[in-house]
Amino acid sequence: MTGGRKWLAAALLMAPVWSAAAQRAAQPPSDAVLRPNDVLRITVWRHPDLSGEFVVAPDSTLVHPVYQVVRAAGAPLPVVKERLRGLLATYEQDVQLVIEPVFPVTVAGEVRQPNLYRLPQGTTIAQAIALAGGPTEQGRLDKVRLIRRDSEMAIDLARGYSRYAALPIASGDQVLVARRSGFNVLRDVLLPAVSLTAAVAAVITARRLR
């Protein structure tokens, strides 16, 4: 077996382990709160007209003719869910609904599809980069900057994937992949490829479980 095939086999064997770690990190905390410009995905059983993704307005309410009386920003998700349930109870008793926050996250720098993405809570930083098409040929996964509100963090997804694999995105995050100045096969090809393989596997697994 050639060196390239050995590396690929090792990456595929390790991907499920990393995927499982990412899934454990994807469990949303019950005390999470929404902010203006976040999106709340609401699924109401047997009511597609009341289901969908709704933006949180600057006044903290939801942009929807029915849900506009519900204040969603600044309250824990269980509280928001009970407010929605109380509102929907005026239309139907014992209504069943599921809510899921969706956060705006910018993924830019040396990625193939830089953009502002709306990502479900629990998405990891590695998954966000994978969803943006992964790094370009000049991208460096060992130099990723995470700008979160008033703080900044340097992330090494090449050598330190096991350390950062469980790091979830937050509302308003900026994920910036740096551009490399030199070329090194191990640093810039093999290690980033292994990390990206794991991130893609986690995304695929997460989508299958939805």
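Computed quantities for the displayed model
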| quantity | calculated |
| --- | --- |
| Charge context of Ile155, other residues only, Cβ under 10 angstrom, K/R +1, D/E -1 | +1 |
| Local electrostatic count, Val55, Cβ distance below 10 Å [Lys/Arg +1, Asp/Glu -1] | -1 |
| Under-5 Å amide H pairs with Thr124, H placed in peptide plane, nonlocal only | Ile169 |
| Integer Hz, Karplus 6.51/-1.76/1.60 couplings in order for the range 139-152, x for Gly and Pro | x, 10, 6, 8, 9, 10, 9, 10, 9, 10, 6, 9, 10, 9 |
| Asp94 accessible area, 1.4 Å probe, all protein chains in place, Å² to nearest 10 | 130 Å² |
| Long-range amide H partners of Phe54 with built H, under 5 Å | Leu40, Arg41, Ile42 |
| Rounded to whole Hz, the Karplus (6.51, -1.76, 1.60) HN-Hα couplings of the range 56-62, x for glycine and proline | 7, 6, x, 8, 5, 8, 8 |
| Extension gain, Val69 back to Arg85 (0.36 nm per residue minus Cα-Cα distance, nm) | 4.5 nm |
| Peptide ranges 83-89, 46-52, 128-134 listed from the most packed, as the mean C-beta count within 10 angstrom indicates | 128-134, 83-89, 46-52 |
| Residue-by-residue Karplus 3J(HN,Hα) for the range 88-97, coefficients 6.51, -1.76, 1.60, Hz, glycine and proline x | 5, 5, 6, 9, 7, 6, 6, 5, 10, 9 |
| Amide H within-cut-off set for Ala72, under 5 Å, with H built and near neighbours excluded | Thr61, Leu62 |
| Extent along principal axes [Cα atoms of the range 41-159; Å; largest to smallest] | 56, 30, 23 |
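The values are calculated or read from the model by the stated rules, or taken from the named source; none is laboratory data. Computed from a prediction, not measured in an experiment: that's the story for all the values here. All Cβ positions, glycine included, derive from the backbone under ideal geometry; neighbour counts span all protein chains shown. The area values use the complete protein model at the heavy-atom level, side chains included, leaving out ligands, DNA and RNA. Shrake-Rupley method; radii C 1.70, N 1.55, O 1.52, S 1.80 Å.
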